[in-house]
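One structure is given here, and the rest of the page talks about it.
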Amino acid sequence: MHQRQARPSPRNGHSNVQANGQPTPASQAAQAALKRTPKDFIFGKVIGEGSFSVVYLAKDIHTNKEYAIKVCDKRHIIREKKTEYIKREKEVLNRLGSNQSPAAPFFVKLFCTFQDTDRLYFVLSFAKRGELLPYINKVGSFDIECTRFYAAEILVALGHVHSLGVIHRDLKPENILLDENMHILITDFGSAKMFNESEKESDEEENSMRQRRNSFVGTAQYVSPELLTDKSASHSSDLWALGCIIYQMVAGLPPFWARSEYLIFQKILKLEYEFPDGFSPSARDLVEKLLVLDPKQRLGANDPPGEGYPSIRAHPFFQGIDFRKLSETNPPPIY
Ligand code: ADE
């Protein structure tokens, strides 16, 4: 339905294509300044599906660059009363994208948005290697070097996202994508919570009060106990999810696992999980310090805001990791 032919259209009467078939730098710059439309892209295969969106692999006809374009059906969003989610996702992605820092490579970027009568379009970074989850499932579990590397990238990304006043609230291996070089790109900020500049440094208590009226967001296996008991989420809720993901990379399955969501919630509230034999002792110690029922007692929860969780970085599990050089480092192979 969305398959379209490339139709490079010189809009100024001059050729915008060089002898080698590539667009001229001038035409590229001119195109960048124009508002995009669906006709600026060739839509390819479906690479993701959400409850009210479909993600297509798409190619910019002017630059040949690949993007992931999230297409949302307006009527469906209105019918399902999800307009707030969509607005929030756009605001969060804009906030993250407006700040260039060394951690910026570790989440998907929003390049532009546009709409037609029926649909909204989000042009996002394309994560060529897909989700982290199938990699964990394929090999059964990651070795310690791999786990350390990916845990470190997630931690740096979280530090950055939190420093901008954003809580992800649905961190899980399906929302951690991999670029062509196997570095992470965190995605799906549709459940994220933003707080304002003035709120950023405000008391945790106040934030949780503000968020108490929120309905359940997240995925059962990774949801924090505070979200289940008093519907409050803070940056520490993402640290809980990090603990679950580190456990899953080492053990192959998430720590809280049962036949139904209800039973999973019961286990989370009782902190009922076990470490399989052979679980790395330093990974175990870190997971035990993150999977703590009281969000204020989790490792990193009381670190100074905006510093990227120095107390978690200093944990012996991360010994030997240079956090500033992660994006230039070749990720260890997964097998
Ligand atoms: N699936 C959903 N979003 C994606 C993205 N940005 N890149 C690749 N696959 C995706």
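For the subset of segment 87-112 comprising residues that are within 14 Å of the ligand (Cβ to nearest atom) and of a type outside the set (A, V, I, L, M, F, W, C), which member is modelled with the lowest pLDDT?
Pro105
Quickly run through segment 65-77 and pick out the residues that are away from the ligand (no atom under 11 Å from the Cβ) and in contact with a strand residue (DSSP E or B) (Cβ under 8 Å, 6 or more places away or on another chain).
Result: Lys65, Val71, Cys72, Asp73, Lys74, Ile77.
Collect the residues in segment 269-284 that are part of a helix (DSSP H, G or I) and more than 17 Å from Gln248 (Cβ to Cβ), keeping them in residue-number order.
Leu269, Pro281
Residue check: is Glu153 touching a His at 6+ places or on another chain (Cβ under 8 Å) and either within 16 Å of the ligand (Cβ to nearest atom) or at pLDDT 95 or above (or both)?
Judged against the criteria, Glu153 is a match.
Looking at segment 228-260, which of its residues are in contact (Cβ under 8 Å) with a residue 24 or more places away in the chain and surrounded by fewer than 13 Cβ atoms within 10 Å (Cβ to Cβ)?
As a first pass, look at segment 228-260 and keep what is in contact (Cβ under 8 Å) with a residue 24 or more places away in the chain: 228-229, 232-252, 254-257.
Matches in segment 228-260: Thr229 only.
From the residues in segment 120-148 that are outside any loop (DSSP other than H, G, I, E, B) and touching an Asp or Glu at 6+ places or on another chain (Cβ under 6 Å), which one is farthest from the ligand (Cβ to nearest atom)?
Leu133
Only one of Glu80, Glu84 is away from the ligand (no atom under 13 Å from the Cβ), touching a residue at least 24 places away in the same chain (Cβ under 8 Å) and more than 18 Å from Gly48 (Cα to Cα); which?
Details: Glu84 fails: touching a residue at least 24 places away in the same chain (Cβ under 8 Å).
The conditions single out Glu80.
Could you tell me whether any residue of segment 17-31 is at pLDDT 95 or above, surrounded by 11 or more Cβ atoms within 10 Å (Cβ to Cβ) and more than 16 Å from the ligand (Cβ to nearest atom)?
As a first pass, look at segment 17-31 and keep what is at pLDDT 95 or above: none.
The answer is no; no qualifying residue exists.
When you scan segment 298-312, do you find a residue that is at pLDDT 95 or above, touching a helix residue (DSSP H, G or I) at 6+ places or on another chain (Cβ under 7 Å) and in a helix (DSSP H, G or I), even just one?
yes
The values are calculated or read from the model by the stated rules, or taken from the named source; none is laboratory data. As the structure is a computational prediction, the values presented were derived from the model and not from experiment. Neighbour counts run over all protein chains shown; Cβ positions are idealised from the backbone, glycine included.
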